[in-house]
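Taking it in order: structure first as structure tokens, then the write-up.
What follows is calculated from the coordinates using simple rules that are stated; it is not laboratory data. Small disclaimer: the values here were computed from a predicted structure and weren't measured. Neighbour counts run over all protein chains shown; Cβ positions are idealised from the backbone, glycine included.
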């Protein structure tokens, strides 16, 4: 009887122990497919150039802002000076263009006033010259008529001399009468010559008057052209204002080029973006580097987490905020953290060649889903945890 009781008690103890073991094993989920994860910052230059200094080495801890590499800045200093000179030249051109706007407006207004006054004077001069021309032409006609009259008188006097000559020889008329006829003929001839000279003078006056009329007409034409040009004042001012806008655009462009040149000069210093350990350093003193070329990498040890790949069957009770304890193979201590979230896809879906299950060769395999576990503050102040270390996490799901 006692043996039966003892056996019964032993069975109860085993059942109770098994229950507590089962409760303990179901209180957490664990995996050995986990590692420390974090940001691996690739360091590269934003400009090309000749490396003049390398101020760090592999496995050296750097702080954010520490200078890692220096590029020879002389070419970029020259570029800054040239850009500054170009900007000053563009600003001077802009100032000149701005001054041209009121000057153009004043000049065109003055030209219009002067041209209108000149046209009035030229019109009056043309009218007076035309009157002088008309008068000169009338004098020419009058002088020509006087020439004809003098020629007629001269012919009559000559005819008288011709008639009187045989008569005087026959003493039929007196010598005095004959001499008077000869004198009258000579006087008539002189009058003809004088009248011809008057015609020549009058014709010369006509030429002068015609020249004056042509000059006045030319002045009117020039004044009209100047008036038409001056009437384009709004267009000329608009064109000058357009040149001002173009000069403003040139100034803005030159200022942007100067800012870019200054930035390029700043980029001659390559600094650490974050604090961490340097690795994969490939740059050496004297190298010629190009933009985007990776020079080294910085592993940020202040912003790390655990990426644990759990089987999909382990995620039933897992949710963000659950406490986690984990150990690292390299150290003999335990760390704490909390579940941040469950990944959106299995690792196979993120692979370069995801599996194609529609081929008819499907074999069901338990998939693993990445779970991010944040490390509690103060757990890695000594920076002992490094990216890629193997981790054994336990997520307490109850």
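Taking label positions 7 Å along the Cα-Cβ direction at both residue 66 and residue 159, the computed distance is 13.9 nm, reported to one decimal. Here the peptides 28-38, 316-326 are ranked by packing, the mean other Cβ count within 10 Å, and the order with the highest first is 28-38, 316-326. Approximating the spin labels as points 7 Å out from Cα along Cα→Cβ, the residue 201-to-residue 50 distance works out to 9.6 nm. A Förster distance of 30 Å, applied to the separation of the beta-carbon atoms of residue 113 and residue 215, puts the FRET efficiency at 0.85. One decimal place: the segment residue 312-residue 180 gains 31.6 nm when fully extended, by the rule 0.36 nm per residue minus the C-alpha distance.
Spin-label model, residue 222 to residue 256: label points 7 Å out along the Cα-to-beta-carbon direction sit 4.9 nm apart. If R0 is 45 Å, the Cβ-Cβ spacing of residue 287 and residue 327 corresponds to a FRET efficiency of close to 0.60. Which part of the range 363-398 falls in the paramagnetic zone of residue 32, meaning amide N under 11 Å from the point 7 Å along Cα-to-beta-carbon? Hits in the range 363-398 for residue 32 at 11 Å: 392.
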